[in-house]
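Here the structure is laid out as structure tokens; the discussion comes afterwards.
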Amino acid sequence: MPPRRPRPLQGRLAARSKASPEQQLAWRPIMAGLLAFGLTLALVWGLSWALIVRPYQLRQLSQTHSTEPTSSAMTEVLRSTEGQTGPVTLRASPTRILLDERTQPRAELLALAPDELSRPTRLHCAPPFVYFLARGQLYRADVSPWLEQARTRRGPQNAPARLLAEPLMPNREHRLEDGTPIQALQDLMSLTIPDPAPDAADSGAVPAPALLLLDRANQLFQLDPQQGQWRHLSDAPFSLPPPADQSESHPVALAPWGGRAYALDYQRNQIWRYADGAFSAYFARQSRSLQKAIDLHVDGDIYVLLRQGEIWRYRNGQQDKQALFKLAELPWPHAARPISLRALRGDAAHLYVLDAGQRRILQLAKADGQLLREWVLTGEVPEWERLSDLTFCQGQMLALAGNELLRLPAETALQNADLPPLPPLPAFLQGLTHPIPGAEVADNPAVFPGARRLYRFGIHEGLDIFDRQQPATGGRQVRMGTPVLAMADGEVLRVDQDFAEPSPADYEALIDTTRRQGQTTRTQENMLRGRQVWLRHANGLVSIYAHLSKVSQTLKPGQQVVQGQVIGQVGNSGTRAAVYSQPEDPHLHLELWLHDPDSPVGTYLGKGLHIEETLQLWQRILAEESRGTP
């Protein structure tokens, strides 16, 4: 029997229309039940989406913008942002969180005696320790007990915890076993570096993360924190004097990524990469300008923070067409410039900018530079005047402010609060006047304290004031013989009335000795200052005026001088040009010290500070505005 063909749709409808009334009534309850069942499913799904699914999505979005990653994400997250769109859906006004010293969990770092000219900088966490730099030396403190206490305690915490910090320098002379000196550390980071030993590859052991440290003389060091072993990575291209036709390198910041270390060299317009015991250049050509770069972050792309508060992103060596972020475009005051750019481990979505002068931390969306959140320090405690660095440690975000660690909350926000005023200068730095009134100060870290001096393997301890007069500015000319004035009332400690330049042979022998030593001793540096005048002011402040061509014939040690009194004239004594009787590069070399420079407790203004913070501090003292880099 052949199969029965299905009837067309019209036939089936016609047959159904011929059904009896009893048959039609029998179908109605079934159809009503199916309709009710469908409506019930739709209602259940709607309620489930509103009560379960949507709240879960919102929580996920909130966690994406959270400042505190999970505690399990304490290792470096290696994720490229190339092509990343990122969480850009939050467009609400950013949250401002005020931090009050009366309620904010904080811990005092007990490392050195209080010093108003220097404070801890560059914070790094490797549980259970935090590592930091102070006066150019490396310290660490165990923060686990304090973090646990801060996590569980409630209510006001008026007295800060006290954390004893231990020094990690190799010895009292800060020298390695081969005699290499470590000169004023300026940055640190952790990086897993393969062991160069021949049998290391066969052991199968994963090397523990080491600390990489950059000092002010452009030297890169490796430290095994567990064994306390230091190693000098001496093949850095920026650690040797450059050829005569090239400028000196000046790396100012380190950043890790994918087993490599990146060093930002603003003077050579380059970012150096260190991996497998060798250095290479990131930029194939050095045509871009990094002269105002002060910090960087690397996550596959490279983010560079400029002095004026702009962040630029580089992908495969190419700069984006527009800046990712501009501090000047924020609607709130931004009188001070930023000093640091940070990203927290485990948090791949955000960048953090430290605005030290305004005592605030800005959280930005890495994808588009949108400002999401800011933390603002309040209060009148002197240690809260400045922010130095930021890190993530054991599930909590920590900031370094003065000599204290602060645990930053993600919530408890106060909206629309005014920013506090800029903190004043320390009392003993107030009232100082410019030694050459009207002279311009270069907006270039190379002429400020903390800069390297590779020709003698030393560190610059003062500010150089050159002739920078431009037709449009009308600034004071700094020429050979320009009068130099006392910055404040004081007593003459030293005056070189009978200074004589060394012979060229003696000068070259001195420079060769500094290179063999790998540093400039205090005696050698004193000789290279040339003709000098030293003044002692109130509160133990000492000012030094060097490279003078002449000094006032009436000055004698122990004599009192008044502010604005002529003490000498600009020159170039003590420099190579003067030794070879050349009238080139006359300038004033100016130093400020807390206590006598020859005493064990003497500290120059800028020692151990972030180079950008030093630049801003000096410009405030001399009441100078930024007028560009020469």
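Structural remarks
- Test: residue in the stretch 574-588 that is farther than 11 Å from ARG531 by Cα, without any contact (Cβ under 8 Å) to a residue 40 or more places away in the chain and under 39 Å from the mean Cα position of the chain (by Cα): yes
- Filter result for GLU491 (of a type in the set (Asp, Glu) and either surrounded by fewer than 16 Cβ atoms within 10 Å (Cβ to Cβ) or modelled with pLDDT under 90 (or both)): yes
- Selection from the stretch 430-470 of residues that are of a type in the set (Asp, Glu) and in a loop (DSSP other than H, G, I, E, B): GLU440, ASP443, GLU461, ASP467
- Subset of the stretch 318-337 [at pLDDT 85 or above and in a loop (DSSP other than H, G, I, E, B)]: ASP320, LYS321, GLN322, ALA323, LEU324
- In the stretch 514-526, the count of residues that are in contact (Cβ under 8 Å) with a residue 12 or more places away in the chain and either acidic (Asp, Glu) or more than 30 Å from ASP178 (Cβ to Cβ) (or both) is one or more.
- Selection within the stretch 389-408 - modelled with pLDDT of 85 or more and closer than 11 Å to PRO120 by Cβ: ASP389, LEU400, LEU405
- Residues that are among the small types (Gly, Ala, Ser), in contact with a strand residue (DSSP E or B) (Cβ under 7 Å, 6 or more places away or on another chain) and in a strand (DSSP E or B) do occur in the stretch 562-583.
- Any hit, the stretch 140-158, residues being at pLDDT 85 or above, outside the structural domain of PHE457 (by TED's automatic domain parsing) and closer than 25 Å to GLY606 by Cα: yes
- A count restricted to the stretch 514-541 and to residues that are farther than 17 Å from VAL579 by Cα and either aliphatic (A, V, I, L, M) or modelled with pLDDT of 90 or more (or both) stands at 7.
- Whichever residue in the stretch 106-126 is at pLDDT below 75 and either in contact with a Lys or Arg (Cβ under 8 Å, 6 or more places away or on another chain) or outside any loop (DSSP other than H, G, I, E, B) (or both) and, among such residues, is farthest from TRP146 (Cα to Cα): LEU117
- Considering residues of the stretch 494-531 that are part of a helix (DSSP H, G or I) and of a type in the set (Lys, Arg) only, the residue surrounded by the most Cβ atoms within 10 Å (Cβ to Cβ): ARG515
- Residue within the stretch 473-481 that is more than 29 Å from GLU248 (Cβ to Cβ), out of contact with any helix residue (DSSP H, G or I) (no Cβ under 8 Å at 6 or more places or on another chain) and modelled with pLDDT under 90 present: yes
The values are calculated or read from the model by the stated rules, or taken from the named source; none is laboratory data. Note that the structure is a prediction, hence the values are computed from the model and not measured. Note: ideal-geometry Cβ built from the backbone for every residue, glycine included; neighbour counts use all protein chains shown.
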